[in-house]
């Protein structure tokens, strides 16, 4: 369940007028812009964008960018971007910059549904005139690359195959803890293709068989990006909200906040499962996500409190 939902009495033309007034004259009413856009769904924001262009003859995102700056500008532009386009742009940025941002690759590739992956491929090709698979293969290698390409296909099996549960658990054990060296191919095939529901049963069977969690085997048998991607796939199979709660916690725990990760998760999950992520965060860390972000941003003076006294990030997980 998301924290941002469609506004009931929605009027795109009226909202476009409010945004126009907020940017008119000297100074910009950032609070008005934020309060309006976070109270609308992404689909409604696209309708506001169309109404704004019709009424004022210019692109709303360009107008907002000319009035805003820094992290707040990045947040507003992210909110105005359709979800699949946002994922595609984040992947493109991760692949096309200096080096590769593997954390972004791993986060998106391990957590999106099969249908979302197929849509991301189409949008990526349309917006960047390049194939996502080609760009991934150009920037990665080895078993890490193979698993990314498997995940990119969006072809996970559906449901639970009872006949395969014990065999998959035994195969994973034999591929890792049960042999000298590691058969990475087996981990990639099973974790990359089975359904989340099936994998949860395999993990239970694995624990009975080996006496340890599958994560322990992955950490002991693999390293680097492959280890991180396998762990992310396992965590998402267990619970996507738990995966993102951990991601948010880590983004705020480091010396200096990882603003990009914080923003990416808050924006991309705000209409999907933010309320579930909030519950996971409280369960895992014993503190509310809202108050944690509020304290952090007040301390660091980032996205300074609005006139209502509420730091601007917190609005996405009210």
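Out of the helices (runs of 4 or more DSSP H) lying entirely within segment 21-138, which hold 1 or more residues that are over 28 Å from residue 240 (Cα atoms)? Outline the logic, then answer.
Numbers: elements: 30-37, 42-56, 60-67, 70-79, 83-96, 102-111, 114-128.
Because the criterion is at least 1 residues that are over 28 Å from residue 240 (Cα atoms), the helices (runs of 4 or more DSSP H) in segment 21-138 that meet it are 30-37, 42-56, 60-67, 70-79, 114-128.
Out of 208, 250, which single residue is surrounded by fewer than 16 Cβ atoms within 10 Å (Cβ to Cβ) and under 16 Å from the mean Cα position of the chain (by Cα)?
Values: 208 fails: under 16 Å from the mean Cα position of the chain (by Cα).
Testing whether each residue is surrounded by fewer than 16 Cβ atoms within 10 Å (Cβ to Cβ) and under 16 Å from the mean Cα position of the chain (by Cα) leaves just 250.
For residue 195, all conditions in the list (1) touching a residue at least 24 places away in the same chain (Cβ under 8 Å); (2) in contact with a helix residue (DSSP H, G or I) (Cβ under 7 Å, 6 or more places away or on another chain) hold save one; what is the number of the exception?
Of everything listed in (1) touching a residue at least 24 places away in the same chain (Cβ under 8 Å); (2) in contact with a helix residue (DSSP H, G or I) (Cβ under 7 Å, 6 or more places away or on another chain), residue 195 misses just condition (2).
With closer than 30 Å to residue 294 by Cα, outside any helix (DSSP H, G or I) and touching a helix residue (DSSP H, G or I) at 6+ places or on another chain (Cβ under 9 Å) as the only criterion, which of 256, 247 stands out? If you could, list the steps in order and put the result at the bottom.
Working: 247 fails: outside any helix (DSSP H, G or I).
Just one listed residue meets the conditions, 256.
Restricting the first residue to segment 235-261 and requiring it to be outside the structural domain of residue 218 (by TED's automatic domain parsing), which pairs with a second residue that is in a loop (DSSP other than H, G, I, E, B) and modelled with pLDDT under 95 meet a Cβ separation below 6 Å and a spacing of at least six or different chains?
Pairs that qualify, where the first residue is outside the structural domain of residue 218 (by TED's automatic domain parsing) and the partner is in a loop (DSSP other than H, G, I, E, B) and modelled with pLDDT under 95, are 251/258.
Per-residue answers, yes or no, for (1) surrounded by fewer than 17 Cβ atoms within 10 Å (Cβ to Cβ); (2) touching a residue at least 40 places away in the same chain (Cβ under 8 Å); (3) in contact with a helix residue (DSSP H, G or I) (Cβ under 9 Å, 6 or more places away or on another chain):
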| residue | (1), (2), (3) |
| --- | --- |
| 23 | no, yes, yes |
| 33 | no, yes, yes |
| 40 | no, no, yes |
| 43 | yes, no, no |
| 48 | no, no, yes |
| 56 | yes, yes, yes |
| 59 | yes, no, yes |
| 68 | no, yes, yes |
| 73 | yes, no, yes |
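The values are calculated or read from the model by the stated rules, or taken from the named source; none is laboratory data. Here the structure is a predicted model, which is why all the values come from computation and not from measurement. Every residue, glycine as well, gets a Cβ built from its backbone with ideal geometry; the counts of neighbours run over all protein chains shown.
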